[in-house]
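What follows is one structure encoded as structure tokens, with my remarks underneath.
The values are calculated or read from the model by the stated rules, or taken from the named source; none is laboratory data. Treat the numbers as computed from the prediction; the structure is a model and nothing was measured. Here the Cβ positions follow ideal geometry from the backbone for every residue, glycine too, while neighbour counts run over all protein chains shown.
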Amino acid sequence: MEAALQQLKTLVEATFPLPPDAWNALAAIWQPGSAKRKEILTAAGAVEKYLYFITSGVQRVCYFDENTREATLVFTYAPSFGGVLDSLLLAKPARYSFETLTQSTFLRANASDLKAVMQQHPAVLEMVHTGVTHALSGVLERLVELQAFSSEEKFRKLLQRSPHILQLVPHKYLANYLGIDPTNFSKLINRVQL
Amino acid sequence: MKRTAQIALLDALENQVELHLEEAIRTFQNLPVEIALKPATNGGWSIAQCLEHLNTYGDFYLPEIAKALHGNQIVDSDPQFKSGWLGHYFTHMMQPGSGKKMKAFKNHIPADHPDAPRVIATFIQQQEILLQYLRLARQADLHKRLPISISKLIRLQLGDVFQFVIAHNERHIQQAKRHL
């Protein structure tokens with residue numbers, strides 16, 4: 001847990017440094033956890049109970065429906081936050097699920113503890129606000145990619161962000177994330193990797 | 001055959017499948033297609049052929065396992081499993097280094113020119129399903145019997161089918177890795 005908290009501290013210091021008492025209050029709300037491959041941490045339809053801080057492994061937020069449509073919205077991995085964030089902050093049922101794609105370890109803080117720290121420490125509230133805004137920027141950027149980039153450009157962008165993901169995650173999830181069907185994705189890899 | 005604790009057995013099997021998945025994801029799915037299709041230096045199967053052979057077993061056994069798990073929940077705080085002699089024999093035959101070189105049965109022979117990316121993706125998909133079934137099996141009666149692919153007259157216990165399929169996977173993954 002110490003090492004994991006240190007990872008969290010490093011991330012916080014790099015992105016939104018907190019005064020010591022705010023950091024101490026924030027550090028106190030996390031519990032360590034782990035999951036095996038393909039475990040559903042949050043099921044669609046349930047309210048997200050936790051903010052996750054990922055310390056190892058890869059997970060995804062994804063959408064499924066009865067028409068067998070599947071959309072991989074985002075991959076999460078260390079050192080970053082995970083979970084179905086809008087469900088957590090709005091306390092509404094999640095429209096997406098959050099599942100592990102590999103064995104994973106994480107810290108997690110429950111919604112009420114997080115809310116309490118945010119209320120008691122304005123710096124933490126501001127940090128969360130900034131974090132959510134960055135998440136929004138990320139989503140907007142991805143919207144541009146999905147609409148305007150070629151498959152190859154999207155693929156290169158993904159590798160830029162996560163160079164090791166090809167060795168960690170079955171290709172079908174990457175293809176799904178890029179909006180490409182798996183056969184075309186295989187052709188793309190053979191073309192781009194050489 | 002002695003009784004073993006069911007949970008410990010299933011844990012060990014899950015760990016095996018996890019390792020197989022890691023290998024397939026890290027290595028096999030990222031191989032250039034030509035390498036995946038290259039026959040072995042002794043004329044034996046390519047990596048893709050090894051995995052396609054395994055897929056043919058998955059094609060048969062995964063639906064049978066699903067049927068055997070359906071409505072088969074037990075309530076036992078410490079379930080035990082006892083291998084049948086035939087199940088034990090099949091599993092033992094599959095161990096790499098058992099010294100036996102076998103010809104594949106007719107319905108399990110891979111194509112000469114498989115679609116390598118598709119075969120590897122199918123293998124990965126089947127292992128993910130197998131993981132799911134191993135987890136469901138924790139509350140199931142592993143003594144329930146299901147047919148085997150090579151004869152409708154023979155039925156093996158679910159626990160033995162898991163062991164034999166996974167040992168068989170291990171055997172051919174070792175074979176595939178020898179290409180690298």
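Before moving on, here are some points about what is shown:
- Checked against the criterion of being free of Cβ contacts under 8 Å to residues at least 12 places away in the same chain, among the polar types (S, T, N, Q) and either within 30 Å of B:I124 (Cβ to Cβ) or within 14 Å of chain B (Cβ to nearest Cβ) (or both), segment A:61-69 contains one or more residues that satisfy it.
- Within segment B:28-85, the set of residues being surrounded by fewer than 18 Cβ atoms within 10 Å (Cβ to Cβ), part of a helix (DSSP H, G or I) and of a type in the set (G, A, S) comprises B:A66 only.
- Hits in segment A:175-194 (condition: crowded, with 20+ Cβ neighbours inside 10 Å and in contact (Cβ under 8 Å) with a residue 60 or more places away in the chain): A:Y177
- Subset of segment A:120-160 (residues that are among the polar types (S, T, N, Q), within 18 Å of the chain's Cα centre (by Cα) and more than 18 Å from A:S87 (Cα to Cα)): A:S137, A:Q160
- Selection within segment A:30-43 - away from chain B (no Cβ under 14 Å) and in contact with a helix residue (DSSP H, G or I) (Cβ under 9 Å, 6 or more places away or on another chain): A:W30, A:P32, A:T42
- Residues within segment B:126-142 that are more than 14 Å from chain A (Cβ to nearest Cβ) and crowded, with 17+ Cβ neighbours inside 10 Å, tallied: 4
- Considering residues of segment A:90-126 that are β-branched (V, I, T) and touching a helix residue (DSSP H, G or I) at 6+ places or on another chain (Cβ under 8 Å) only, the residue farthest from A:P20 (Cα to Cα): A:T102
- Subset tally (residues that are in contact with a Ser or Thr (Cβ under 8 Å, 6 or more places away or on another chain) and surrounded by fewer than 20 Cβ atoms within 10 Å (Cβ to Cβ)) for segment A:5-45: 14
- Residue count for segment B:102-117 under the criterion of being surrounded by fewer than 19 Cβ atoms within 10 Å (Cβ to Cβ) and within 18 Å of the chain's Cα centre (by Cα): the result is 8.
- The residue list A:T100, A:T105 contains one member that is touching a residue at least 60 places away in the same chain (Cβ under 8 Å) and under 16 Å from A:Y177 (Cβ atoms), which is A:T100.
Conditions tested, residue by residue: (1) over 21 Å from A:L90 (Cβ atoms); (2) part of a helix (DSSP H, G or I); (3) in contact (Cβ under 8 Å) with a residue 40 or more places away in the chain.
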position	(1), (2), (3)
A:K9	yes, yes, no
A:D21	yes, yes, yes
A:S34	yes, no, yes
A:K38	yes, no, yes
A:L51	no, no, yes
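- Annotation note: Cβ proximity below 7 Å between a residue of segment B:93-109 that is modelled with pLDDT under 70 and a residue that is assigned to a loop (DSSP other than H, G, I, E, B) (sequence gap 6+ or interchain) occurs for no pair.
- Checking each residue in segment B:1-27 for being touching a Gly at 6+ places or on another chain (Cβ under 8 Å) and surrounded by 14 or more Cβ atoms within 10 Å (Cβ to Cβ) picks out B:Q6, B:L9.
- Single unsatisfied condition, B:M93 versus (1) assigned to a helix (DSSP H, G or I); (2) closer than 14 Å to B:L51 by Cβ; (3) among the aliphatic types (A, V, I, L, M): (2)
- A:Y50 being over 28 Å from A:H171 (Cβ atoms) and in contact with a Lys or Arg (Cβ under 8 Å, 6 or more places away or on another chain): yes
- Count of residues meeting criterion [at the interface with chain A (Cβ under 10 Å from one of its Cβ atoms) and over 10 Å from B:A116 (Cβ atoms)] in segment B:16-40: 9
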